[in-house]
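Contents: one structure, followed by commentary.
The numbers here are math on the coordinates, done by the rules we state, and not lab data. What you are looking at is a predicted structure, and each value in this text was computed from that prediction instead of being measured. Cβ: placed from backbone, ideal geometry, glycine included. Neighbour counts: every protein chain shown.
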Amino acid sequence: MPLHKSRAATGANRVYRQIMLMVWAALWGWAGGLCVEALELYARIKRARRWSWKRPMPQGASAYWTSVAIRSGVGALIAAAAAASGQVSGAFAALGLGVAAPLVVEKLTRLVPAPQSNGTDPQSLIPHPGNRAQVPPGNRAQEGAQFDAS
């Protein structure tokens, strides 16, 4: 087999493995989301004096199944994204991300600053190496600690 064909096969194999890793991670993340929903359903059944499959929650069965689909879908999406970025390579980690998906999304949204509604350009909020903060004359030791990348 010529060398260039084996390289192409290796590249295609690498892409295939990456896609399959994402698919399996998504399935494990989906399963993790379903595990949490199953445990929540179990707790609701144990708390209820009279259980109704028609109204498993006050909003009705359709709202319940919609919430299950959203929860498990977010778990699948988070696990697939983590696998695509190389952060997850095993089933247990993907399952854990599916279980922890709401917490992961909450923590990620806290890391991303909300856009300012007062017309401020979001790019102006990012510190740049050339924009050194003013250091009082008596604090010369702090000068070296600020943005030495310029």
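Numbers at a glance
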| read-out | value |
| --- | --- |
| Modelled FRET efficiency - R0 41 Å, ILE19 with TRP51, Cβ distances, 0.05 increments | 0.45 |
| Peptides 72-81, 104-113 ordered by average Cβ neighbours within 10 Å, highest first | 72-81, 104-113 |
| Among GLY33, THR109, VAL15 - extreme Cα towards positive end, dipole of the range 3-113, charges at beta-carbon | GLY33 |
| Debye, to nearest 20: dipole size of the range 3-113, +1 on Lys, Arg Cβ, -1 on Asp, Glu Cβ | 260 debye |
